[in-house]
Amino acid sequence: MLCQEHGQQAAGIESTFLNELGSWGAQGEGIIARVVDMAGSAAVAESGFNALDFRKARKQSLSGSVTFEELGYVAFPIKYLVPDFMVPCNLFVPILAKGEDLPTFVKVLDRGQFYSDAWRVALKEQRIDELYAEAHETAGLDEYFQEIMEALAEDEVTPNWQKALILYNYGEFIARHIFHDVYDGQFVEKASQWADALVGFLHAKKVSVSVIYRVFMNHYETFNHSLQVSMMVMAFCGHLGWRQEDVVRLGVAGLFHDIGKVWVDSRILLKPSSLTREEFAFILRHPQTAYEHLASMGWMNTDQLAAVREHHESMDGTGYPQGLKGSEIHPFARVLHICDCFDALTTHRPYKKAVTPFKALKLMQSEMRLSFDRHLLYKFIQFLGS
Ligand SMILES: [Fe+2]
Ligand SMILES: [Fe+2]
């Protein structure tokens, strides 16, 4: 039984599918700007954020394929900002003036200003949910998350689910960057620090899986699948009593496991209709492509590389890319395979609805059971009930 990568069946290829389509936003994240009834970008820039009322401003996607990155900005969703911390860098909202083709980025928050709850409410009232930072500020954004992590480690008041949510947002920020720039080795280091922080949190607070699961998105967004698989893998391995360094290593591998999809044409990944045999063959290559990329960059050890390369191998030998069987499959990959399939089943995708965790486990125990390590699947079911 294959754990497939696309919701549509290729002609003549194995029938039961688990879907993990990737609509990686890094490949052409389109620009949505607020349209204001004001002529000229200079006038908009001059009037500034306070003079503009966004409540009635309609959102408009810019025509053409220009991306924020090309304009020198990166997305910084408001959910990343934590009240009571300083704003890490200048943050902007794109505004489209009457008659202009490109937006003007109007500054909303200043670097170093105190982000109060009143600001959070004010932005919400203005229906602003996405802010943008200048692209060269990315390193500063990472420090911002690090500072919050340190403060939270000491904090006994913030509830665990909120801490888990902040860890989720930090992980999303890293995962977003990993898929945006697959050659940036700095983010391997950052991913390890993030995984360390997560494992420390899970361990110290004896966090139950329900807390982790609560912060997962119930719809499919860019990067979220890799991030969720990574978090689930670390929580599960903690439950299995694995050594901390192995948990962190597998967590980092989980964050990168689908990076091979960056080299699959997004028209194939997003195709809503059936794939041809040739198109399907491209999707089947992603574990091998990921392995080759990560091995050539020298970022991971052999266990992590095996996890990435073998995450679609099935215990009965029907998986890909090598068709390995049973004990030939690395234990890291067997764990990753279970968490990967569970997340793919329980997340809404552009072409299929999510199933409940209960239904997902039922499927995994019945139609798909030959794909998984029986003992690990049993432990995974126990873990989800813990
Ligand atoms: Fe995959
Ligand atoms: Fe996956």
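Quick note: the coordinates plus some simple rules give every number you see, no bench work behind them. A quick note: this is a predicted structure, and the numbers were derived from the prediction, not measured. Backbone-built Cβ (ideal geometry, glycine too); neighbour counts: all protein chains shown.
Summary table below
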quantity	calculated
Residue-span extension gain [Y378 to D117] - 0.36 nm each, minus C-alpha spacing	89.5 nm
Over 18 Å between alpha carbons, listed pairs K261/K362; K79/K124; K163/K205	K261/K362
Rounded FRET efficiency, nearest 0.05, which uses the C-beta distance separating R214 from K124 and R0 of 22 Å	0.55
HN-Hα J in Hz across the range 258-275 - Karplus 6.51, -1.76, 1.60, θ = phi - 60°, x for Gly and Pro	9, 4, x, 5, 4, 9, 9, 4, 5, 5, 6, 4, 9, 4, x, 9, 4, 8
Exposure proxy ranking, count of Cβ atoms within 10 Å, fewest first, for M297, M364, M234	M297, M364, M234
Where a label projected 7 Å from the Cα of K325 along Cα→Cβ would reach, residues of the range 349-386 with amide N under 17 Å	370-374
Simple label model, 7 Å out from Cα along Cβ direction - K205 to D110, nm	3.4 nm
Compactness of the range 126-270, expressed as Rg and Dmax over alpha-carbon positions, Å	15.4, 47
Segment V355-D246, length gained on full extension (0.36 nm per residue, minus Cα span)	36.2 nm
Fewest-first ranking of T302, T276, T289, using other Cβ atoms within 10 Å as the exposure measure	T302, T276, T289
Rotationally averaged projected area of the range 159-386 (alpha carbon convex hull; nm²)	11.5 nm²
Simple spin-label estimate for F85 and E147 in nanometres, 7 Å along Cα-Cβ	0.9 nm
In order through the range 331-342: 3J(HN,Hα) via Karplus (6.51 cos²θ - 1.76 cosθ + 1.60), integer Hz, x for Gly, Pro	x, 4, 5, 5, 5, 4, 4, 5, 5, 4, 5, 4
Translational diffusion coefficient (Stokes-Einstein; Kirkwood radius from C-alpha pairs) of the range 256-374 at 10 °C, 1.306 mPa s, in µm²/s	105 µm²/s
Gain in span if fully extended, E367 to Q162, counting 0.36 nm per residue against the direct Cα distance	70.2 nm
Theoretical FRET efficiency, 1/(1+(r/R0)^6), r = Cβ-Cβ of E154 and A281, R0 35 Å, to 0.05	0.10
